[in-house]
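Down below is the structure, laid out as structure tokens.
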Amino acid sequence: MDVTNNGGRRALVVGLGISGIAAALRLRQIGWTPVIIERAAGRRSGGYFIALFGAGRAAAQRLGILERIIDRGADGVSYDIGRAGRRRPGLGFRDFPGRPWLMTRGDLEAAGFAALPPDVEIRYATVPARIEQDADGVNVTLTDTAGGTSTTERFDLVVGADGLRSTVRRLVFGPHERYLHRLNYMAVAFQMPGALPGHDQSDSVVLAEPRRSMWAFPFKDGPPTVLLTYHTDDAQAEFTRPKVDRVREVFGPEPPGPALGAALDALESAEDVLFDSVEQVHMDSWHRGRVVLVGDAAWCVTLYAGMGASTGMAGADLLGTMLARHPGSVTEALTGWEQRLRPTIEYLQGNGRRMRSLFVPATRFELAQRRIMLRVSKMPVTSPLFLRWRTRGKVARMKDADFAHPGPDVPVRVHA
Ligand SMILES: Cc1cc2nc3c(=O)[nH]c(=O)nc-3n(C[C@H](O)[C@H](O)[C@H](O)COP(=O)(O)OP(=O)(O)OC[C@H]3O[C@@H](n4cnc5c(N)ncnc54)[C@H](O)[C@@H]3O)c2cc1C
């Protein structure tokens, strides 16, 4: 761990999600003073299922939070089901390439939050309203949305870790439309009150049909979380109707059957529901002057890659490493940081687009391909090959590789 005195440098971290917490932890480790602002009135908890791969665990180790993170994944049976109750052996998330630990987003955020030193300042209900920079610093106008007041403060660095629809990105880099790439799918995620009917709590259950699917992700110590994901021709229009009505319409008109029916009922009473369109963020550069974006704000790989949390933590960890290595030049630090990260992130974005067909087949052909893959994975002759792909193939290696490892110092190419 690099612990250096950086002469009292102050960084504004925007967003108290996984990436923002990791950035604040790492900045503090290298001697900076992070100030976190969060739009919400308090810290969120709960959330949907998250897989943490080797890349994320290695970063968590360096951030000092790995021992607080528990793999809650269940080793039950994986089923591919039909609406009327048909069951076949299926593939759960643990059968995907890599060796993930499973938890909720809230578990991971709580682990990071608990490790934040008590003197790290966190201001809730606060958003950036204006960001102006010169060669020596950044002036940020901060609005307290509860009190309706604004102040302008100066920082040495601004880290935008404010998610897919980042305000920092909009203020400094330009409008969302320039960077957001819709995949034309929706994601609806929530926690079940108990196991799906006819299944153990530890079962992984998938119901896949053309353009729509249901996944139940099991935990060994609690009820599963469910993901409903479906194709849309108009993501904007999805937000104009009550979400429960829209989801019931998409998964109809056929009778849902017991498992999907229970999930749709649970959606109606769930307290915390994620309902959002699936979008990637594509940018030519993740930094401008003394402003840098991390996590979903910069590169959202989508849930289909299963690497948003791991890349957010790894990106934040490497950011600290590069700032510590280039104490005299934020430009060199950010340029070197991006040069190290970009090849892996671009690979994972491509993987996110490809993995979509496993989560939700777009056509009958993709559904048939999915079924063939299931069979291949279970046949005595081919299952060892499948296991090899899953644990040692390129995707697995990319997800588990410690790509934020400090490694040897390499020259940074700063373009004029
Ligand atoms: C259904 C689903 C399943 C997923 N599964 C996985 C998985 O298996 N593995 C995995 O690695 N990833 C997964 N992901 C992705 C992962 O959840 C995200 O990549 C990750 O949470 C991004 O973290 P973040 O901190 O970058 O952004 P966010 O989690 O979006 O956090 C941003 C924070 O900034 C705050 N904020 C927003 N705007 C402002 C503002 N203007 N001012 C101040 N604060 C602001 C927000 O309130 C929030 O607290 C999944 C995502 C979904 C939706």
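The values are calculated or read from the model by the stated rules, or taken from the named source; none is laboratory data. The model shown is predicted, which means the values in this text are computed figures rather than measured ones. When we count neighbours, we look across all protein chains shown, and the Cβ atoms used for this are built from the backbone with ideal geometry, even at glycine. Heads up: the accessible areas ignore ligands, DNA and RNA and are worked out on the full protein's heavy atoms, side chains in. Shrake-Rupley method; radii C 1.70, N 1.55, O 1.52, S 1.80 Å.
Just to be sure I understand, how many residues within region 91-107 are closer than 25 Å to ARG165 by Cα and in contact with a Leu (Cβ under 7 Å, 6 or more places away or on another chain)? Show your work before the answer.
We begin by selecting, within region 91-107, every residue closer than 25 Å to ARG165 by Cα; these are 103-107.
Still in the list and also in contact with a Leu (Cβ under 7 Å, 6 or more places away or on another chain): 103.
Within region 91-107, residues that are closer than 25 Å to ARG165 by Cα and in contact with a Leu (Cβ under 7 Å, 6 or more places away or on another chain) number 1.
The test for being more than 13 Å from the ligand (Cβ to nearest atom) and among the basic types (Lys, Arg) holds for ARG154. Report yes if some residue within region 390-407 is more than 22 Å from GLY308 (Cβ to Cβ) and of a type in the set (A, V, I, L, M); otherwise report no. Checking region 390-407: not a single residue is more than 22 Å from GLY308 (Cβ to Cβ) and of a type in the set (A, V, I, L, M).
Selection of strands (runs of 3 or more DSSP E) fully inside region 196-314 by the criterion of at least 3 residues being within 14 Å of the ligand (Cβ to nearest atom) returns 212-219, 222-231, 274-281, 291-293.
On the basis of being touching a helix residue (DSSP H, G or I) at 6+ places or on another chain (Cβ under 6 Å), of a type outside the set (Lys, Arg) and under 24 Å from PHE217 (Cβ atoms), does ALA305 make the cut?
Working: touching a helix residue (DSSP H, G or I) at 6+ places or on another chain (Cβ under 6 Å): yes; of a type outside the set (Lys, Arg): yes; under 24 Å from PHE217 (Cβ atoms): yes.
In short, yes.
Among the residues making up region 346-404, those that are part of a loop (DSSP other than H, G, I, E, B), among the aliphatic types (A, V, I, L, M) and without any contact (Cβ under 8 Å) to a residue 24 or more places away in the chain are MET379, VAL381.
So which residues in region 108-122 are assigned to a helix (DSSP H, G or I), open to solvent by 50 Å² or more (accessible area, probe 1.4 Å) and without any contact (Cβ under 8 Å) to a residue 60 or more places away in the chain?
As a first pass, look at region 108-122 and keep what is assigned to a helix (DSSP H, G or I): 108-115.
Cutting the leftovers down to open to solvent by 50 Å² or more (accessible area, probe 1.4 Å) gives us 113-114.
Listed by number, the list holds a single entry, ALA114.
Within region 83-99, the set of residues being open to solvent by 60 Å² or more (accessible area, probe 1.4 Å) and either of a type in the set (D, E, K, R) or in contact with a Gly (Cβ under 8 Å, 6 or more places away or on another chain) (or both) comprises ALA84, ARG86, ARG87, ARG88, ARG94, ARG99.
Look at (1) away from the ligand (no atom under 16 Å from the Cβ); (2) part of a helix (DSSP H, G or I); (3) open to solvent by 10 Å² or more (accessible area, probe 1.4 Å); (4) among the hydrophobic types (A, V, I, L, M, F, W, C) and you find that LEU323 fails only one, number (3).
Scan region 149-165 for residues that are open to solvent by less than 50 Å² (accessible area, probe 1.4 Å) and in a strand (DSSP E or B) and jot them down.
Taking region 149-165 as the starting set, the residues that turn out to be open to solvent by less than 50 Å² (accessible area, probe 1.4 Å) are 153, 155-164.
Answer for region 149-165, where residues must be open to solvent by less than 50 Å² (accessible area, probe 1.4 Å) and in a strand (DSSP E or B): GLU153, PHE155, LEU157, VAL158, VAL159, GLY160.
The condition (being over 30 Å from VAL138 (Cα atoms), under 18 Å from the mean Cα position of the chain (by Cα), touching a residue at least 40 places away in the same chain (Cβ under 8 Å) and surrounded by 23 or more Cβ atoms within 10 Å (Cβ to Cβ)) is satisfied by just one residue among VAL226, VAL281: VAL226. When the test is whether a residue is farther than 21 Å from ALA41 by Cα, among the hydrophobic types (A, V, I, L, M, F, W, C) and part of a loop (DSSP other than H, G, I, E, B), ALA146 does not pass it.
Selection of region 230-277 for residues being of a type in the set (Gly, Ala, Ser) and touching a Ser or Thr at 6+ places or on another chain (Cβ under 9 Å) yields ALA235, SER277.
From the list ALA266, ALA216, ALA297, pick out the single residue that is under 26 Å from LEU171 (Cα atoms) and within 25 Å of the chain's Cα centre (by Cα). Step through it out loud before you land on a result.
Details: ALA266 fails: under 26 Å from LEU171 (Cα atoms); ALA216 fails: under 26 Å from LEU171 (Cα atoms).
Going through ALA266, ALA216, ALA297 in turn, just one is under 26 Å from LEU171 (Cα atoms) and within 25 Å of the chain's Cα centre (by Cα): ALA297.
Considering region 47-82, the residues that are open to solvent by 30 Å² or more (accessible area, probe 1.4 Å) and charged (D, E, K, R) include one that is farthest from the chain's Cα centre (by Cα), namely ASP75. Please work out which residue is surrounded by the most Cβ atoms within 10 Å (Cβ to Cβ), limiting yourself to region 12-46 and to residues that are assigned to a loop (DSSP other than H, G, I, E, B) and near the ligand (Cβ under 9 Å from one of its atoms). Per the stated criteria, the residue is GLY15.
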